[in-house]
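Everything below concerns the one structure shown next.
Only the coordinates and a few stated rules stand behind these numbers; no lab work does. Everything numeric here is computed off the predicted structure, so don't read it as measured data. Here the Cβ positions follow ideal geometry from the backbone for every residue, glycine too, while neighbour counts run over all protein chains shown.
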Amino acid sequence: IIGGTAVANPDAYPFVANIFSDGKQWCTGTRIAKNFIITAAHCKLDSPSSGAIVFANSGTKDTRVLPADNNEIIYKVVNQIVNPGYNTVTNENNDIMLIEIQPQDPSRTVPYNPDAVTLDDGSHSQEGQNRLAMGYGDINDNRVKASQLQEVTLTIANFQDCKNLWLGSSSSQVFNTQFCAGTRAKNVCNGDSGGPLFEQDSSSHVFLLGTVSFGTDCGALNLPSVYTKVSSYLDWINSAL
């Protein structure tokens, strides 16, 4: 996360998932069911056995490596369900995946509240609204990883402006199943991929709007980052859970 701050109380965001690949921080995700997290399809692990999931409320001391201490509660990756429309060549459209998880040690789990996160039906992702992004990725474009969960408030960008900016600068297409948020000063970065952009209402209920798909070099070109719009995939998500 660029231009953000460390989350003061990670326990308040138990749905945020740190995805590790071979013991190194890899991507970010969101727990949307007891045994499932949602993330980006481009975060797919080479094999489930190389992956591990640690949630924000697991009390970890350092989020960059695994194990950071001997007390972490770790979940293993059982299955990776990539959206069938995902195009591995462009890495851009339908960049969404579910990861099925199980506790590594069944006697050690973190509390799970099934009502914590609601998948947005599209009504929470209007242009111009401020929403919260969280992630475990780099905090600058020199590849410096965050050692704890970061947060930043981002504004949802005008869709047509974003689409035109991306086409003009890199010929990347932004689809209607996506939306944009972020600026040069505040944005997402490597390792935040798959992580959430969400709204939290006054009663701390969370509406998940989207998952980080792609951006420029951590905001270097002053382009908004592009998110996969959760509301476009509700049928697929619900059928896979």
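Other residues lying with their Cβ under 11 Å from the Cβ of K61 contribute a combined charge of -2, Lys and Arg counting +1, Asp and Glu -1.
For K186, a cut-off of 21 angstrom between C-alpha atoms picks up these lysines, skipping any fewer than 8 places away in its own chain: K145, K163, K229.
Counting charges near G135 (Lys, Arg +1; Asp, Glu -1) among other residues having Cβ under 10 Å from its Cβ returns a value of -3. Computed from Cα positions, the angle between helix 159-170 and the longest principal axis of the chain comes to roughly 90 degrees.
Calculated from the structure at hand, Cα extents along the principal axes in Å is found among (1) 68, 47, 33; (2) 203, 31, 26; (3) 51, 40, 38 as (3).
Computed over neighbours whose Cβ is under 13 Å from that of S50, the net charge equals +1, Lys and Arg +1, Asp and Glu -1.
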